[in-house]
1. So what is the diffusion coefficient of the range B:78-191 in µm² per second by Stokes-Einstein at 25 °C and 0.890 mPa s, using a Kirkwood Rh over Cα pairs?
2. Ignoring ligands, DNA and RNA, what percent of the accessible area of the range A:9-83 is carbon or sulfur (1.4 Å)?
3. Measuring from a point 7 Å past the Cα of residue B:25 along Cα-to-C-beta, which residues in the range B:68-103 have an amide N at less than 18 Å?
4. Let me check I have the definition right: for the range A:9-83, take the eigenvalues of the Cα gyration tensor, multiply each by 5, take square roots. What are those semi-axes in whole Å, largest first?
5. What GluC sites (Glu not before Pro) does the range A:1-100 have in DSSP loop regions with at most 12 other beta carbons within 10 Å?
6. Quick one: buried accessible area between A and B, total over both chains, 1.4 angstrom probe, nearest 100 Å²?
7. With axes computed from alpha carbons, what is the tilt in degrees of helix A:31-45 against the longest principal axis of chain A, rounded to the nearest 10 within 0 to 90?
8. Taking only protein heavy atoms into account and a 1.4 Å probe, give the accessible area per residue of the range A:105-211 in Å².
There are 2 protein chains.
Amino acid sequence: MTDEIELPGEVTLLWGLRETVRRGRKPSLTVADITRAAVEVADAEGLAAVSMARVAAQLGNSTMALYRYVKSKDELLLLMSDAALDGPPDLPDGLDWRTGLTLWARGLLKVLGRHPWTVQIPISGPPVGPNNLWWFDRALRALGDTGLDEEDKVGVVMGLLTFVHGELRLSIELSKGYAENPEAFGRQYGKALAQVVDARRFPALSKVIAAGVFEGEVPYDDEVEGEFGLSLFLDGVAAFIERRTARQG
Amino acid sequence: MTDEIELPGEVTLLWGLRETVRRGRKPSLTVADITRAAVEVADAEGLAAVSMARVAAQLGNSTMALYRYVKSKDELLLLMSDAALDGPPDLPDGLDWRTGLTLWARGLLKVLGRHPWTVQIPISGPPVGPNNLWWFDRALRALGDTGLDEEDKVGVVMGLLTFVHGELRLSIELSKGYAENPEAFGRQYGKALAQVVDARRFPALSKVIAAGVFEGEVPYDDEVEGEFGLSLFLDGVAAFIERRTARQG
DNA sequence: GTGTATTGCGTATGGTATACGCTTAAGAGC
DNA sequence: GCTCTTAAGCGTATACCATACGCAATACAC
C-alpha cells in the first residue's frame with residue numbers, strides 16, 4: 001500500500017520536508033521567512049514587483065542568499081500560491097451539498113481576493129501544497145452525502161475550482177483595467193463598440209449594444225456576475241447528481 | 001445615437017484604424033506583419049520566447065523599429081490574443097441553443113488549443129478586438145430563441161467564456177507540467193499524495209486517494225473533463241432558462 | 001530643389017534571473 | 001582546543017529584457 005517512493009522536489013519543498021543537516025554554517029533564513037516576505041511584497045506592490053532582489057531586500061539579505069533555500073523563482077511562486085490560501089471555512093457538518101459548496105466558493109473568492117496576484121501565477125501541475133489540498137478536501141467533504149462516487153466528486157470539484165479561478169481572474173483583471181483607464185472602460189465602452197461594430201457582421205452583438213447593456217458605469221460587476229455564474233454551475237451539478245442517483249437507486 | 005467619441009487607442013489599434021499619413025519615409029512594416037511574426041514565434045517557441053528583439057529578428061528588422069507601430073509590448077500581446085482567434089464556426093441557423101453553444105465551446109477549445117499561449121496573456125479589459133467580438137456575437141446568436149433578455153444572454157456567455165478559458169488554462173498547464181515531469185505527475189502523483197496526506201486532517205481526500213482515483217496514467221484528461229464540466233455548466237443554463245421563461249410566460 | 005514629417009535604428013539605461021566561486025562560519029571528531 | 005568538513009552568505013559576471021532618446025535616412029508636399 002504505502003510503498004515508499006522518493007517524493008518529488010516540489011512536494012518536499014511545500015511540505016517543509018527538505019532535509020535539514022547539522023554541519024556547516026547556520027542558516028539565517030527559512031523557507032517560510034522568504035515566502036512571507038514575497039507575499040508581503042506581492043500584496044503591497046503587485047506580483048510584478050516580486051523579484052529575487054526585491055524579496056531579499058525585504059529580508060535585509062543579499063539576492064543570492066535566497067537560492068540556498070529555493071532552487072528558482074518558480075519554486076518561490078509555487079510557495080507563494082500555496083501560502084496565499086489561508087485555511088478554508090469550517091463548514092458545519094449537517095449542511096446540504098449546495099449550501100456547502102456555495103459557502104466554499106464564496107470563501108475561496110474572498111481569500112483569493114485578498115491576494116489578487118495569485119491568479120497571475122501559472123499553474124505548474126496538479127495541487128500538492130498543503131493549503132491547496134486542504135481546500136480540496138473541504139469541497140470533497142461537502143459532496144459527502146450526495147451518493148456520487150469518488151471520481152465524480154473529483155470531477156465536480158475540479159470544475160468548480162476551474163470556474164472560480166476563471167471568474168476571479170476575469171473580474172480582477174477587468175477591474176484593474178477599469179481602474180487604470182476609467183473613461184475608456186466605463187460609459188465609453190458601449191459607445192466605442194457601437195461605432196466599430198457593424199450590424200451585418202455582428203447582428204446579435206448589435207442588438208445587445210442597442211439594448212444598452214454596456215451603458216452602465218462598470219460593464220462587469222464582480223459580485224453579481226460571480227453569484228450568477230456560480231448558481232448556473234451549481235444548477236448543473238444538481239442536475240448531474242439527480243441523473244446519477246436516479247440511475248443507480 | 002451615434003455621438004462621435006474619440007476611440008480609445010486599443011480600439012483603433014485592433015481595428016486597424018491608426019491614421020495613416022502621406023508625408024515622410026515609407027513604413028517597411030505593418031501592424032499585421034508584426035502580429036503575424038509574433039504569433040509565429042509564440043507558436044513555435046512559446047510565449048516566453050516572444051521578445052521585441054526576437055520578433056524583430058523574425059522580420060529582419062531592428063528591435064526599435066517595432067515601436068513605430070506598437071506603443072509597447074502589451075499592445076503587441078493584445079494584438080496577438082485577437083489574432084489567435086480565427087473565425088468562429090458557422091453554425092446552421094435552426095440549431096437549438098444547447099447544441100449551438102456546445103459546438104461553439106468545442107470550437108473555441110479547438111482554436112485556442114492551436115495557440116496554447118493565449119491563456120497566458122493577461123486580460124487587460126473587456127473584449128474589443130474584432131475576432132473576440134465575432135466569437136462573442138456567435139455565442140449570443142446561439143441564445144437567440146431562448147427568450148432570455150439581452151442582459152441575461154451576456155451573463156450566460158460571459159460565464160461560458162470564463163469557464164472555457166479556465167478549463168483550457170488548467171488543461172494546458174497541467175499537460176505541460178506532465179510533459180516536463182512525467183514520473184512525478186503520472187503514476188507517482190497518487191502515491192506521493194498518499195505519503196503526505198494525513199487521514200485525520202484530510203478525511204475526504206484520503207478516501208479519494210484510497211479509491212485509486214489518482215492512480216491513472218494521467219491524472220487529468222482534457223477531453224473527458226472538459227466535456228464533463230461543459231455539460232454541467234450547460235445543465236445550469238438550461239435550468240436558468242426554464243426559470244426565466246416560466247416566470248415571464 | 002527644398003522643407004518637413006516620419007521611419008529606421010544605434011546606443012544607453014536600468015531592470016531581470018541565475019551560474020560560479022570565494023569567503024566565512026559552525027558543528028564533528030580528534 | 002585545534003582542525004577538517006560542510007554549508008551558508010554573497011560579490012561578480014553573464015545574458016537577457018523593455019524601452020527612452022536622438023540622429024540619420026528617406027520620401028512626399030510644395
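1. Values: Rh = 15.6 Å.
So the translational diffusion coefficient is about 157 µm²/s.
2. Numbers: 2330 of 4480 Å².
Answer for the range A:9-83 is 52 percent, counting heavy atoms of protein chains only.
3. The answer is B:68-71, whose backbone nitrogens lie closer than 18 Å to the label point.
4. Details: eigenvalues 84, 45, 17 Å².
Gyration-tensor ellipsoid for the range A:9-83: 20, 15, 9 Å.
5. Working: sites: A:4, A:6, A:10, A:19, A:40, A:45, A:75; in loops: A:4, A:6, A:19.
Of the GluC sites (Glu not before Pro), the ones in loops of the range A:1-100 whose Cβ has at most 12 other Cβ atoms within 10 Å are A:4, A:6, A:19.
6. Details: alone 15840 and 15810 Å², together 24770 Å².
Buried area (both sides, nearest 100 Å²): 6900 Å².
7. Its long axis makes an angle of about 30 degrees.
8. Numbers: 4100 Å² over 107 residues.
Normalised by residue count, the accessible surface of the range A:105-211 is 38 Å².
The values are calculated or read from the model by the stated rules, or taken from the named source; none is laboratory data. Note that the structure is a prediction, hence the values are computed from the model and not measured. Glycine gets a Cβ as well: all are built from the backbone with ideal geometry, and neighbour counts include every protein chain shown. Each accessible area value is taken on the protein alone, full model and side chains, heavy atoms only, with ligands, DNA and RNA left out. Shrake-Rupley method; radii C 1.70, N 1.55, O 1.52, S 1.80 Å.
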